Amino acid sequence: MEDLTKIDFGDISVDESWCFKNVRSTEQWTHGYHRYPAKFLPNVVKKLIEVYAADDDVVADIFAGCGTTLVEAKVHGKHSIGIDINPVAKLITEVKTHALNPNRLLLEYNKLVGKFDNFDENIFLEVEVHERLDYWFREKEKNKIIFLYKEILKIGDVNFKKFFLVCLSNILKNCSMWLQSSTKPQLDKSKEPDDPFDVFQKHCKKMIKQNKSYYNELIENNFLDISCEIRLEDARNTEIEDSSVGIIITSPPYVTSYEYADIHQLTGFLFEYIDNLPEFRRDFIGTFYSNNQDTNTPTPSSQKIVDELFVKDAKNAREVANYFNDMHEVGKEMYRILKPNGHACIVIGNTTFKEVKIKSAEVFFEMLLSVGFKEENVIKRSIPHKLIPAIRDKKTGRFTTLNNKNSKLVYPEEYILILKK
Ligand SMILES: C[S@@+](CC[C@H](N)C(=O)[O-])C[C@H]1O[C@@H](n2cnc3c(N)ncnc32)[C@H](O)[C@@H]1O
């Protein structure tokens with residue numbers, strides 16, 4: 001295959017106007033409702049919409065995660081569609097994009113919290129939950145969580161019910177024995193978990209405040225009824241119509257970095273989205289647990305990386321090959337759903353495994369060109385460290401903390417690929 005791009009990624013320097021070092025918007029609108037690994041900095045999405053979206057464009061994010069793109073699209077008066085394979089992401093996005101009447105929300109909240117007085121620990125000792133929840137929670141916290149869950153399920157209005165479910169989902173880690181600073185499932189036997197009723201109220205109050213500012217903003221601009229549709233589908237094969245989307249703003253999963261299925265297992269098991277974890281993991285792109293044995297990839301640059309890695313670690317090479325093949329399918333799907341002249345804006349970072357540079361940004365750019373896209377721009381930005389763990393274990397390649405002597409800094413920078421159909 002001929003060299004499709006004229007852009008040399010090595011020549012690109014960091015564009016400070018895309019770094020937003022001093023102006024951060026992570027707590028604005030409903031963005032702060034739920035923690036989510038590798039979520040977008042809302043400033044980036046806002047600027048992409050303002051620079052690249054045409055007036056009547058429908059905005060799509062095919063790896064919607066916790067819905068940053070959809071929230072920003074709505075605030076900008078643009079209809080949007082989100083796709084994610086993770087039901088927890090779908091729930092969070094539904095709630096974050098749907099502003100609730102602040103007075104009614106406060107009433108529902110007071111009603112729910114009023115029920116706390118009825119809590120009797122002894123009643124919940126017999127309730128059966130998934131065995132994994134018994135692994136992660138002590139009895140004391142687990143009983144309060146089940147009480148809360150059951151009370152929330154009794155709420156008649158589905159939007160209020162989901163609002164409180166998102167609040168509950170967000171506090172589960174704090175109330176469990178899961179090592180607080182870790183995105184990996186790891187027990188911290190010395191942890192003193194938070195009291196579920198206390199943290200639930202604290203977090204709910206924050207969400208109620210954020211809902212109010214989001215609601216007022218939408219009312220003021222007459223955007224309350226702007227549609228946001230979030231679907232549980234696979235980004236490689238969506239049901240979005242051909243040539244129907246004006247702009248795609250998305251950030252794909254990183255290769256074998258976050259196991260989203262594992263990270264959201266507390267919510268997944270409690271809300272009964274997951275029964276069998278290995279089965280649930282199967283369709284996530286970038287997973288560590290793939291059974292694929294293939295090391296052939298579709299483009300010269302992806303093949304070079306996989307071949308180099310194969311000599312050092314065959315298993316790792318297969319995982320990376322699998323990731324590249326999946327991302328090739330995603331590229332084709334993006335081309336199909338975009339309308340002619342529509343923009344694809346992809347935020348993506350490179351990494352290193354076993355001293356081999358995994359140039360995901362360059363590889364995906366090349367793939368997008370190979371499926372028909374035209375290059376428009378590549379922006380390099382530095383990543384705020386708060387949003388993505390920048391440390392990897394040198395031996396295993398997985399995210400870790402700085403205390404680990406094998407640690408190594410990764411993802412100090414990322415790229416925004418801008419292409420046109
Ligand atoms: C980097 S995160 C996106 C975060 C998002 N930009 C935000 O602000 O929350 C990548 C997302 O891809 C999703 N994902 C993984 N495999 C997928 C697949 N096959 N189809 C659709 N989504 C998938 C994960 O569940 C995760 O939410």
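The values are calculated or read from the model by the stated rules, or taken from the named source; none is laboratory data. Computed from a predicted structure; not experimentally measured. Here the Cβ is made from the backbone with ideal geometry for all residues, glycine too, and neighbour counts use every protein chain on show.
Structure summary
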quantity	calculated
Residue tally, condition within 14 Å of the ligand (Cβ to nearest atom), of a type in the set (Val, Ile, Thr) and within 17 Å of residue 351 (Cβ to Cβ), over region 305-334	0
Residues being surrounded by fewer than 21 Cβ atoms within 10 Å (Cβ to Cβ), within 16 Å of the ligand (Cβ to nearest atom) and closer than 19 Å to residue 50 by Cβ - total across region 76-108	1
Residue pairs meeting the criteria (Cβ under 7 Å; at least 6 apart or on separate chains; first under 22 Å from residue 271 (Cβ atoms), in region 68-87; second acidic (Asp, Glu) and within 12 Å of the ligand (Cβ to nearest atom))	70/61; 82/61; 83/233; 85/234; 85/283
Any hit, region 259-272, residues being away from the ligand (no atom under 16 Å from the Cβ), out of contact with any Ser or Thr (no Cβ under 9 Å at 6 or more places or on another chain), modelled with pLDDT of 90 or more and in the same structural domain as residue 355 (by TED's automatic domain parsing)	no
Residue 222 vs. criteria on the phi > 0 side of the Ramachandran plot, modelled with pLDDT of 95 or more and exposed (fewer than 14 other Cβ atoms within 10 Å of the Cβ)	yes
Of residues in region 286-308 being modelled with pLDDT of 95 or more and among the hydrophobic types (A, V, I, L, M, F, W, C), the one surrounded by the fewest Cβ atoms within 10 Å (Cβ to Cβ)	305
Whichever residue in region 274-326 is in contact with a Phe, Trp or Tyr (Cβ under 6 Å, 6 or more places away or on another chain) and small (Gly, Ala, Ser) and, among such residues, is nearest to residue 255 (Cα to Cα)	286
Region 36-65 residues that are in a loop (DSSP other than H, G, I, E, B), paired with ones that are among the hydroxyl-bearing types (Ser, Thr, Tyr) and surrounded by fewer than 18 Cβ atoms within 10 Å (Cβ to Cβ) (beta carbon under 8 Å, 6 or more apart)	41/25; 41/26; 58/244
When residues of region 12-54 are limited to those that are aromatic (Phe, Trp, Tyr) and within 15 Å of the ligand (Cβ to nearest atom), the one nearest to residue 183 (Cα to Cα)	36
Whichever residue in region 235-258 is at pLDDT below 95 and farther than 22 Å from residue 43 by Cα and, among such residues, is nearest to the ligand (Cβ to nearest atom)	258
Region 327-344, residues that are within 18 Å of residue 283 (Cβ to Cβ) and surrounded by fewer than 23 Cβ atoms within 10 Å (Cβ to Cβ)	328, 329, 332, 333
Some residue of region 242-255 being in contact with a Cys (Cβ under 8 Å, 6 or more places away or on another chain), assigned by TED's automatic domain parsing to the domain that holds residue 56 and either among the hydroxyl-bearing types (Ser, Thr, Tyr) or over 25 Å from residue 97 (Cα atoms) (or both)	yes
Enumeration of residues in region 278-316 that are touching a strand residue (DSSP E or B) at 6+ places or on another chain (Cβ under 9 Å), closer than 14 Å to residue 353 by Cα and either not in a helix (DSSP H, G or I) or not β-branched (Val, Ile, Thr) (or both)	308, 309, 312, 313, 316
Residue within region 192-206 that is part of a helix (DSSP H, G or I), within 16 Å of the ligand (Cβ to nearest atom) and in contact (Cβ under 8 Å) with a residue 40 or more places away in the chain present	no
